[in-house]
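Asks: Here it is, the structure, as structure tokens.
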Amino acid sequence: HRKEMTLRWLSTQLWRHRVMGLLLALCVTLLLMLLATQSLDPNGYTFMRTRRSPPPVAFLKTHKTGSSTVQNLMFRLGEKENLTFAFPYYAYQFSYPDRFRADFVDELPPGSSQFDMLCSHMRLDLGQLKQVMPRNTIYITLLRDPLQTFESVFSYYTSTVPAFTLAKKAADTANRKSALSVFLEAPESYWDPTEPGNGLARNPMSFDLGLSSQEWNASWPMELTQLEEAFQLVMIAEHFDESLVLLGALLQLEPEELAYVHLNVRAPSDITPLEDDTKARLWAWNSLDVLLYNLFLQVFWEKAEQYGLGRLKREVALLRASTQRLRQKCVAREGVPPGELEDLVRPWQTDTVTILGYKVRGNLTLQEEGLCVRLVLPELQYHSHLYFQQYGHDMRSIPTD
Ligand SMILES: Nc1ncnc2c1ncn2[C@@H]1O[C@H](COP(=O)(O)OS(=O)(=O)O)[C@@H](OP(=O)(O)O)[C@H]1O
């Protein structure tokens, strides 16, 4: 009887060993599979990739709001996930400042059944945009404090927006006055509302969102409601990290995928400090943008509250930590003037402002370098790289006739 007991005990032990062995083998296989997925990741992200591809996204890229920073994030995500981009047929904007039309988009590349991502400058037409993007697309955009936005738009586009150019000429003869303050003293006298190039000269964010941006009209409330319904998220530049956390939740992204550096930053000497009277004038001239911003700021905080303010705060901390890690790994120097940057990472300049960039560290592995260069890659360079990757030929330039 004792012998029988010992045998039974022994066989239970053996059986246990066999199960343990099997479990161990299973664990090792799973671990190897995970490692394989990680080393296949072209950008060297180190988190586990167990989720499906993100849903299609249309990011309405507004002017001078921090939108190149968000676009860069989208570009990195799209490239990593091998998504199909809806690119403009010509160059890198959808025939701006014309109102968007579905036929401004280049064709679907062979092998793709739908566009997954769109994030180039346009003047919005929701109906047309919906013809291009799949039904389950997530619509997002970004707004910034209207006074800061206008000041940035003015200085960047002084030579391209006719109303600003006229004011600059007047300022050149007026002693020691900034072009912006000369413009704001009598904006109507420089501004021809029938000139299409003047779209950004008043309420630039409303203009980009496709609203009638020249004056309040009866269709505004309805148009605003449509925008509020269409956009799952309107990010706010003043709460950029909170905005990214909400974006990450919509697209099911990891904090590592939300890490960023500020792109398209002006040299501090090009920023016109805003005195109180300038602020009041800016406010009056861009009152529709003020209204738009205030509405979506309120919507933003409602969304944040629904998400949970405590949870948001915790996740902002995680995002900042991962951003900090990536910056430390990648960036040798920030705020670098264009003359000291290689062509690849030099941001586009205009003749009235200096746009600063980043120097990437030198002691990186090839894989890390790929990740780091993409992090600081300016809009035009990244756009042409992705365009070439998708179509196998260079971006077309805009016909000159
Ligand atoms: N993360 C973040 N948060 C807040 N602000 C940011 C961010 N990233 C960039 N910026 C500032 O945004 C301005 C550039 O905006 P855009 O990239 O939209 O410009 S563009 O229209 O694409 O040329 C530019 O503003 P100015 O420096 O005032 O011109 C950038 O400094």
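The values are calculated or read from the model by the stated rules, or taken from the named source; none is laboratory data. Note that the structure is a prediction, hence the values are computed from the model and not measured. So basically every Cβ, Gly included, is an ideal-geometry build from the backbone, and we count neighbours across all protein chains shown. Only protein heavy atoms, including side chains, enter the accessible area calculation; ligands, DNA and RNA are left aside. Shrake-Rupley method; radii C 1.70, N 1.55, O 1.52, S 1.80 Å.
Asks: What is the angle, in °, between the Cα long axis of helix 2-40 and the longest principal axis of the Cα atoms in the chain? Nearest 10 is fine, range 0 to 90.
Replies: It works out to around 20 degrees.
Asks: Still on this model: Using all Cα-Cα distances in region 186-276, what percent lands in each 5 angstrom bin from 0 up to the longest?
Replies: Spelled out per bin, shortest first, that is 2, 10, 13, 15, 16, 17, 14, 8, 3, 1, 0.
Asks: With N residues in region 154-215, what two-decimal value do you get for its Cα radius of gyration over 2.2 N^0.38 Å?
Replies: Normalised by 2.2 N^0.38 Å, the Cα Rg of region 154-215 equals 1.10.
Asks: Excluding ligands and nucleic acids, what accessible area in Å² is computed for ASP125 using a 1.4 Å probe, to the nearest 10?
Replies: Solvent-accessible area, nearest 10 Å²: 50 Å².
Asks: Across region 113-128, in residue order, what do the Karplus-derived ³J(HN,Hα) couplings come to in whole Hz, using 6.51 cos²θ - 1.76 cosθ + 1.60 with θ = phi - 60° and x for Gly and Pro?
Replies: 9, 7, 7, 9, 8, 9, 8, 9, 3, 7, 9, 5, 9, 4, x, 5
Asks: Let me ask something else. Taking H placed 1.01 Å from N in the peptide plane, check which residues at least 5 places from VAL331 or on another chain put their amide H under 5 Å from its amide H.
Replies: When sequence neighbours closer than 5 places are left aside, the close amide H contacts are ARG361.
Asks: Using a 1.4 Å probe and counting only protein heavy atoms, arrange GLU228, GLU242, GLU188 so the residue with the most accessible area comes first.
Replies: GLU188, GLU228, GLU242
Asks: Project the alpha carbons of region 212-328 onto their principal axes and report the range along each, largest first, in whole Å.
Replies: Largest to smallest, the principal-axis extents are 45, 40, 22 Å.
Asks: Ordered by residue, what ³J(HN,Hα) values in Hz, to whole numbers, does region 390-401 give under the Karplus form 6.51 cos²θ - 1.76 cosθ + 1.60, where θ = phi - 60° and Gly and Pro are x?
Replies: Here the 3J(HN,Hα) series is 7, 10, x, 9, 5, 4, 7, 8, 5, x, 8, 7 Hz.
Asks: Then there's this: Any idea of SER68's accessible area? Nearest 10 Å², probe 1.4 Å.
Replies: Only protein atoms counted, so the area is about 10 Å².
Asks: Go ahead and estimate [θ] at 222 nm for the chain from helices alone: -39,500 (n - 2.57) per DSSP H run with n ≥ 4, summed, over the residue count, rounded to 500. Write out the running numbers ahead of the final one.
Replies: Values: 15 runs with 199 residues, N = 401.
Estimated from H runs of four or more residues: -16000 deg cm²/dmol.
Asks: Expressed as an acute angle from 0 to 90° and rounded to the nearest 10, what is the orientation of the C-alpha long axis of helix 309-330 relative to the principal long axis of the chain?
Replies: So the helix axis and the longest Cα principal axis differ by about 90 degrees.
Asks: Here's something else I'd like to know. Counting only protein chains, not ligands or nucleic acids, how are LYS80, LYS279 ordered by accessible area (probe 1.4 Å), most first?
Replies: LYS279, LYS80
Asks: Using only Cα atoms and rounding to the nearest 10 degrees, what angle (0 to 90) does helix 366-376 make with the longest principal axis of the chain?
Replies: Roughly 30 degrees, rounded to the nearest 10.
Asks: Further, regarding this structure: Sum up the charges of everything whose Cβ sits under 12 Å from the Cβ of TYR293, counting Lys and Arg as +1 and Asp and Glu as -1, but leave TYR293 out.
Replies: Cβ neighbours under 12 Å give a net charge of -2.
Asks: Next up: How large, in Å, is region 119-201 by the Kirkwood hydrodynamic radius built from its alpha-carbon pairs?
Replies: By the Kirkwood definition, the hydrodynamic radius is 14.9 Å.
Asks: Right, here's the next one. Under a cut-off of 16 Å between alpha-carbon atoms, report the lysines in cross-link reach of LYS303, not counting same-chain residues fewer than 8 places apart.
Replies: LYS313
Asks: Also, quick follow-up: Taking H as built 1.01 Å from N, whose amide H comes closer than 5 Å to the amide H of GLY357, not counting residues under 5 places away?
Replies: Those lying under 5 Å, H to H, from GLY357 are GLY335, VAL336.
Asks: Quote the Stokes-Einstein diffusion coefficient, in whole µm² s⁻¹, for the chain, based on the Kirkwood radius over alpha carbon pairs, a temperature of 10 °C and a viscosity of 1.306 mPa s.
Replies: 67
Asks: Could you put THR137, THR165 in order of accessible surface area, largest first, with the 1.4 Å probe and the full protein assembly present? Spell out each step's value before the answer.
Replies: On the way: THR137 5, THR165 45 Å².
Listed by decreasing accessible area, they come as THR165, THR137.
Asks: Starting from one equal scatterer on each C-alpha and no solvent at all, send me the Debye-based log10 I(q)/I(0) for region 145-302 at q = 0.12, 0.13, 0.18 Å⁻¹, two decimals.
Replies: So the normalised log intensities are -0.61, -0.70, -1.17.
Asks: For region 307-401, what is the convex hull (Cα atoms) projected area averaged across all directions, in square nanometres?
Replies: Answer in nm², one decimal: 10.3.
Asks: Residues with amide H under 5 Å of HIS121's amide H, sequence separation 5 or more or different chain, H placed in the peptide plane at 1.01 Å from N; which?
Replies: Answer set, sorted by chain and number: PHE94.
Asks: Output ³J(HN,Hα) for region 181-196: one whole-Hz value per residue in order, computed from phi by the Karplus curve 6.51 cos²θ - 1.76 cosθ + 1.60 with θ = phi - 60°, and x for Gly and Pro.
Replies: These are the phi-based 3J(HN,Hα) values: 6, 4, 4, 6, 5, 8, x, 4, 6, 9, 9, 9, x, 7, 7, x Hz.
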